[in-house]
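Below: one structure, written as structure tokens.
Just so it is clear, none of the values below were taken in a lab; they were calculated from the coordinates. Being a predicted model, the structure only gives us computed values, none of them experimental. With ideal geometry, Cβ positions are generated from the backbone for all residues, glycine too; neighbour counts draw on all protein chains shown.
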Amino acid sequence: MRYMCLLLLSVALFSCKTNNEKGSDKVITKNYSVTSFTAIDVNAPIDVNIKIANVAAPSVTIKGEEGVVKQITCVVNNGVLEISKERIISFNMDKDLVADITMPSITALTIKGVADTKISGKITGASFALNVKGAGDVEIDDLATGNFQSAVSGAGDVLVKSGSVDSADIKVAGAGDVDAYGLQVKKMNASISGTGDMDITVSETLNASINGAGSIHYKGNPSVTSDINGIGSIKKAN
């Protein structure tokens, strides 16, 4: 019995060690050879800088501690760049882990976990879909598409600095916030389930609903249809 207990303890200690990767002090920048993609899916504890530019082909680099960078994979599947960990591990990092991506256009972005993302340049096209799951923050410089869809679940925050779209569908589930005063929207569906906040600018029609204690503040003079279940509020901003 004693031998069995010692064996189990050894296995447990080994498991803990292998599931807590410590990067070396050496910082490297790794370049990834990838095929063309228009969407990005991030499932790793990494900050992401996306630059929309007039380039012939996309480029992807990751900078961080060598031992940590080696545990990150970047592959393209069906037009989606997937950034993920090789296995279920927790990183013990002294230096930031950062991905720099340059691409001609983007149609969708999914963030899972605690990744913070900044998109510079103008996003154009028929539509752009943003999905934030967890505590990641997303900052968008300029959005100019026909349609914008955003779903935030957890405690993530979304900031859209400027732009204009014909229609938007923005959903918040949890404690996340959406600051989109700088985005001019003609027609919008806005919903909050939880304690999140949403700041928006709408010119024509706004369908707004709240389930919980969240709040929606809007600028503009749209016709408003509202539905509140709880102590939340839908108010015109000053």
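Here is how the numbers come out for the structure above:
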{"item": "Asn238-Lys118 FRET efficiency (beta carbon distance; Förster radius 22 Å; 0.05 resolution)", "result": "0.15"}
{"item": "The stretch 170-175 - phi-based ³J(HN,Hα) in whole Hz, Karplus 6.51/-1.76/1.60, Gly and Pro as x", "result": "10, 10, 10, 10, x, 10"}
{"item": "Residues of type lysines that Lys63 reaches as a straight line, Cα spacing below 23 Å, ignoring anything fewer than 8 places off in the same chain", "result": "Lys22, Lys26, Lys30, Lys51, Lys85, Lys95, Lys112, Lys118"}
{"item": "Most mobile of Ala44, Ala208, Ala57 in a GNM of the chain (Cα contacts under 10 Å)", "result": "Ala57"}
{"item": "Eligible lysines near Lys187 by straight Cα distance, threshold 19 Å, same-chain separation 8 or greater", "result": "Lys161, Lys171, Lys219, Lys235, Lys236"}
{"item": "For the stretch 21-103: rounded, prolate or oblate by the Cα gyration tensor [a/c cutoff 1.5]", "result": "prolate"}
{"item": "Fraction of antiparallel bridges per DSSP, the stretch 21-103 only, in percent to nearest 5", "result": "55"}
{"item": "DSSP beta bridges in the chain [antiparallel fraction, %, rounded to 5]", "result": "15"}
{"item": "Cut-off under 5 Å, modelled amide H: who pairs with Gly212 long-range", "result": "Gly194, Asn229, Gly230, Ile231, Gly232"}
{"item": "Aspartates and glutamates whose Cα lies under 12 Å from that of Lys133, excluding same-chain neighbours fewer than 8 positions away", "result": "Asp41, Asp116, Asp157"}
{"item": "Contour excess over end-to-end distance, with Cα ends at Glu139 and Lys186 and 0.36 nm allotted per residue", "result": "14.8 nm"}
{"item": "Glu204/Val55 FRET efficiency (R0 25 Å; Cβ-Cβ; nearest 0.05)", "result": "0.10"}
{"item": "The chain - percent relative contact order, Cα under 8 Å, separation 6 or more", "result": "13"}
{"item": "Scaled radius of gyration (Cα, divided by 2.2 N^0.38 Å) that the stretch 180-235 gives", "result": "1.01"}
{"item": "All Cα pairs of the chain, percent lying beyond 31 Å", "result": "33"}
